[in-house]
Amino acid sequence: MDPLEAQALISRPTNPAKHNHPCQSPTNKKNLDPLSLLLQPFQWLHMLSSHLNPSFVIGVALVYGLGQGFSGSLFKVVTDYYWKDVQKVQPSEVQLYMGFYYIPWVMKPVWGLLTDVFPVRGYRRKPYFVMAGVLGGVSALMVALLGDLPVVVALICLIGLTAGMAIADVAIDACIATNSIECRELAPDMQSLCWFCSSAGALVGYSTSGVLVHHLGAQAALGILAVPPASLIVLGFLIHESKPSSTLHPQKKKKKEPLEGLGVAVTSMCKSIKCPQVWKPSLYMFLSLALSISTHEGQFYWYTDPKAGPAFSQEFVGIIYAIGAMASMVGLVIYHKTLKDYPFRHIMFFAQLLYGVSGMLDLIFVLRWNLALGIPDYFFIVAEECVLKIITRIRWMPMMLLSTRLCPSGIEGTFFALLTCIDSLASLSSKWGGGIVMHLLNVSRTDFRNLWLAILIRNVMRFSALGFIFLVPKATYSEDLIPLDILKNNSAANVDDVEDGDEEMLQRVLKNAV
């Protein structure tokens, strides 16, 4: 076992409130002057870098900020115009194509098993960042440079680009899950760092997307998406990962073969997912995402239609999303400063309720009731996007934080990948469900008469998710959510993989787990 994984086995204090945890983020109860408020974000980053590794913080910034934030936002806008203007397909078909983008994310447990069980030259994270960068960069350049592509070839290239993002996400999430177990008090801070970087990157991506599409065209603009994968290749050489040594005590038992380690990981993962404390909240997260069917493509085609819709320009579409990214950062600050200590069930109930209510704004806009109220289209869509993004971020943060707290020691990377795979599968169901509904309601490139009905059905299904809120625990992030016997068994399963220098650490794990 490499030191990064061995450190994940360190037990958490039974009552964090009574312990001065070395990873606890500093709090200042005094009134802060403007200069202190200005320096606070930099002090926060310094605190994270001091307790964690600085290269880990850089890795989060590159994967979540440049990769998922900038690349993901640019990908969203550019591919919307690519399918609409270059490939000229119907919105319901685009919804189905977008569902395929989630297949690499659904396969995250596979990537997690690869990173946990099949190291390359002793490293479990570094090679997979390089692999992700090569795959994503080649895919982006192919779709940008090969001219007119058949729909199937273009779709495969775009899936390859998202696969690169997914593999890099699994590698960095394994580090996050490990650090969340070792430094429980920093778990909310790490999630805040991830999603702040993502929102900041999205702000830049959305701000430039409309301009790039307008001046370069949708297909050429896809070439810009080769830049973030190139940074992943650099990250693969930059990020700190200690290579385990196997020569200290040659008389020790030989390390397990990869297939044997794979069997242990799968067995531990199956045992963990059967635990009610794990599968119940996982089921709720799936239902809350899957039941909210997506009508995005129908609304996008309507936004840009010169006859039926408000005919927003390419630049303004990018501005709308950029303002939404800023609002998402506001939602992140609200959650981090005021809501993170509340029980998961309470936060997720009110977030889902507000999510359903905010969906009615789409209905008002599509029916043009905003004009009857004297509210211009431009003002209404910006206000709607801000409200939606704030609520979405507050709704998403506890889900991610809860996922990190459900990961058992020893298989953090694989199990966190499994939980986020469930979310991706739910998003795939949401896209395909929305595409089927719009197809049945005959929503097309030029016919939007039933778009309002599709949105109404979506909103009703959002409210229906509240009926499953009992599956979410009432606990907070600082409480133990999985039984100690699972923690102990998963830790024991890795005894043979622990290097001699880590034996003392493992003994501390088993002692505290009991």
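The values are calculated or read from the model by the stated rules, or taken from the named source; none is laboratory data. Just so it is clear, the structure is predicted and the values come from calculations on it, not from any experiment. Reconstructed Cβ throughout: ideal geometry from the backbone, glycine too, with neighbour counts over all protein chains shown. The protein model used for the area step is the full one, side chains on, heavy atoms only, and it has no ligands, DNA or RNA in it. Shrake-Rupley method; radii C 1.70, N 1.55, O 1.52, S 1.80 Å.
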For segment 295-351 the trypsin sites (Lys or Arg not before Pro) that pass both the DSSP coil test and the at-most-15 other-Cβ-within-10 Å test are LYS307
Along segment 84-95, Karplus-curve 3J(HN,Hα) (6.51, -1.76, 1.60; θ = phi - 60°) to the nearest Hz, with x for Gly and Pro, reads 6, 9, 8, 7, 6, 10, 6, x, 5, 5, 4, 4
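Under the rule a/c < 1.5 gives rounded, and otherwise a/b versus b/c splits prolate from oblate, where does segment 121-230 land using the Cα gyration tensor? List each step's numbers first, then the result.
Working: a/c = 3.27, a/b = 1.62, b/c = 2.01.
Oblate shape, in that a/c is at least 1.5 and b/c is the bigger or equal ratio.
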Proximal charge balance of VAL330 [Cβ under 11 Å; K/R count +1, D/E count -1]: +3
Quick query: amide H of GLY217 versus all other amide H atoms, modeled in the peptide plane; which residues come in under 5 Å with a sequence gap of 5 or more or a different chain? none
With every protein chain in place, the accessible area of VAL120 for a 1.4 Å probe, in Å² rounded to the nearest 10, comes to 70
Classify segment 58-150: rounded, prolate or oblate, from the alpha-carbon gyration tensor (a ≥ b ≥ c, eigenvalue square roots; a/c under 1.5 rounded; otherwise prolate if a/b is larger than b/c)? prolate
Going down the table (LYS280/LYS340; LYS76/LYS340; LYS88/LYS108; LYS340/LYS474), which pairs top 24 Å between alpha carbons? LYS76/LYS340; LYS88/LYS108
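Segment 281-406: Rg/Rh from Cα coordinates, Kirkwood Rh?
For segment 281-406, the value is 1.02.
Using a cut-off of 13 Å between beta-carbons, work out the net charge of the residues near MET47 (Lys and Arg +1, Asp and Glu -1, MET47 not included). Show your work: numbers first, answer last.
Details: positive: none; negative: GLU185, ASP189.
With Lys, Arg at +1 and Asp, Glu at -1, the net is -2.
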Total charge of the residues flanking ARG345 in space, meaning their Cβ is under 15 Å from its Cβ, with Lys and Arg +1 and Asp and Glu -1, is +3
Charges on Cβ only, +1 for Lys and Arg, -1 for Asp and Glu, centred on the Cα centroid of segment 116-240; of GLN219, MET131, ILE176, which one is farthest towards the dipole's positive end? MET131
Leading residue at positive end of dipole, segment 67-202 (Cβ point charges), from SER71, ILE167, LEU186: ILE167
What dipole magnitude, in Debye to the nearest 20, does segment 126-196 give about its Cα centre under +1 on Lys/Arg Cβ and -1 on Asp/Glu Cβ? 160
Answer rounded, prolate or oblate for segment 274-346, using the Cα gyration tensor with square roots of eigenvalues a ≥ b ≥ c: rounded when a/c is under 1.5, else prolate when a/b is larger than b/c, else oblate. oblate
Considering only C-alpha atoms, what is the centroid distance from segment 371-392 to segment 174-246, in Å? 29
Treat every Asp and Glu Cβ in segment 303-456 as -1 and every Lys and Arg Cβ as +1, leave all other atoms uncharged, and give the resulting dipole magnitude about the Cα centre to the nearest 20 debye. 240
Computed for segment 334-388: size of charge dipole around the Cα centre, +1 on C-beta of each Lys and Arg, -1 on C-beta of each Asp and Glu, debye to nearest 20, value 240
